[in-house]
Amino acid sequence: GIIMFTQVITERKLAEERIRRSLREKEALLKEIHHRVKNNLQIVSTLLDLQSDYTQDRQALEMFQESRSRVKSMAFIHERLYRSQDLARVNFAEYFRQLADDLYRAYKMSSDEIVLDVEVDVPPLPIDIAIPCGLLLNELISNCLKHAFKDTNEGRIRVALYRGDDDTIILTVADDGVGFPKDLDFRKTKSLGMQLVNTLVEQLHGEIELATNGGTAITVTFPDKLPTVTGVLP
């Protein structure tokens, strides 16, 4: 009886050790994947930067800059995941600081002149929400920096990301700049940035609202968990 009991305990310990070893191997593999994705995205960003040196056209240069910012916003997500203990969720407070610093540098803006107020009060977000949410932040803040303060060197941008009611997350990006053009339908504009914003909101199964009262405020509300897609590929 004692020998049998000892054998069962030994087998259980061996099984637990195999499980722990398997988890460590999977974590190492996942870290390596995030690291490689981040590096590949940085290569794409560098290629766009190098390609932009071959044109003097202002519109083309802006397109290259916007594309670089979009690629970097995704690369930052994978960098945060690679450095994190949690390989599936992103600490958005840390991520946002990195994204905002990069955008201010890209648009040659000073945070002393265009003040950025940030309120992030959400738990770490899963990657399927973090990537479209990061791209949304990139587009909305870029839009503020590009258009809201054309006639002034002073202003304020407010970003809030927090939990709403009924298991929702609310993202608001507001500025006190010139305001969104009143004759422009932001849901049907030809602007690539706003088209991308609307597409990302759909991807998040969210809703978007725009207010223009002393500036522009865009609010996006989306569920904190995306529906699971099931089915067999054709």
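The residue that is surrounded by the fewest Cβ atoms within 10 Å (Cβ to Cβ), counting only those in the range 162-174 that are over 19 Å from ASN198 (Cβ atoms) and touching a residue at least 40 places away in the same chain (Cβ under 8 Å), is ASP167. The set of residues in the range 150-163 that are of a type outside the set (Lys, Arg), farther than 18 Å from ASP101 by Cα and part of a loop (DSSP other than H, G, I, E, B) comprises ASP151, THR152.
Restricting attention to the range 114-123, the residues being outside any strand (DSSP E or B) and surrounded by 13 or more Cβ atoms within 10 Å (Cβ to Cβ) number 1.
Here's the yes/no breakdown for (1) touching a residue at least 60 places away in the same chain (Cβ under 8 Å); (2) more than 20 Å from CYS133 (Cα to Cα); (3) not assigned by TED's automatic domain parsing to the domain that holds ASP128:
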residue: ASN40; (1), (2), (3): no, yes, yes
residue: LEU47; (1), (2), (3): no, yes, yes
residue: GLN56; (1), (2), (3): no, yes, yes
residue: ALA60; (1), (2), (3): no, yes, yes
residue: SER67; (1), (2), (3): no, no, yes
residue: VAL71; (1), (2), (3): no, no, yes
residue: MET74; (1), (2), (3): yes, no, yes
residue: PHE92; (1), (2), (3): yes, no, yes
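Surrounded by fewer than 15 Cβ atoms within 10 Å (Cβ to Cβ) and either assigned to a helix (DSSP H, G or I) or under 17 Å from the mean Cα position of the chain (by Cα) (or both) - does that describe any residue in the range 187-195? The answer is yes; a qualifying residue exists. Take the conditions outside any loop (DSSP other than H, G, I, E, B), touching a strand residue (DSSP E or B) at 6+ places or on another chain (Cβ under 9 Å), over 20 Å from LEU99 (Cα atoms) and in the same structural domain as PRO123 (by TED's automatic domain parsing) and apply them to THR221. Does it pass? So THR221 fits the description; yes. In this structure, does THR199 turn out to be at pLDDT 95 or above and either not aliphatic (A, V, I, L, M) or not in a helix (DSSP H, G or I) (or both)? Against the criterion (at pLDDT 95 or above and either not aliphatic (A, V, I, L, M) or not in a helix (DSSP H, G or I) (or both)), THR199 does not qualify. Only a single criterion out of (1) surrounded by fewer than 13 Cβ atoms within 10 Å (Cβ to Cβ); (2) under 16 Å from the mean Cα position of the chain (by Cα) is not satisfied by ASP57, namely (2). Of all residues in the range 96-141, exactly one satisfies the criterion of being among the hydroxyl-bearing types (Ser, Thr, Tyr) and touching a Leu at 6+ places or on another chain (Cβ under 6 Å), namely TYR107.
The rows are residues; the columns are (1) closer than 14 Å to ASN143 by Cβ; (2) touching a strand residue (DSSP E or B) at 6+ places or on another chain (Cβ under 7 Å).
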{"position": "ILE169", "(1), (2)": "no, yes"}
{"position": "ALA174", "(1), (2)": "yes, yes"}
{"position": "LYS182", "(1), (2)": "no, no"}
{"position": "THR189", "(1), (2)": "yes, no"}
{"position": "ALA211", "(1), (2)": "no, yes"}
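ARG97 satisfies every condition listed in (1) out of contact with any helix residue (DSSP H, G or I) (no Cβ under 9 Å at 6 or more places or on another chain); (2) within 25 Å of GLU154 (Cα to Cα); (3) at pLDDT 90 or above except (3).
The values are calculated or read from the model by the stated rules, or taken from the named source; none is laboratory data. Every value quoted in this text rests on a predicted model; they were computed, and no experiment measured them. Because the Cβ atoms are built from the backbone with ideal geometry, glycine has one as well, and the counts that use them run over all protein chains shown.
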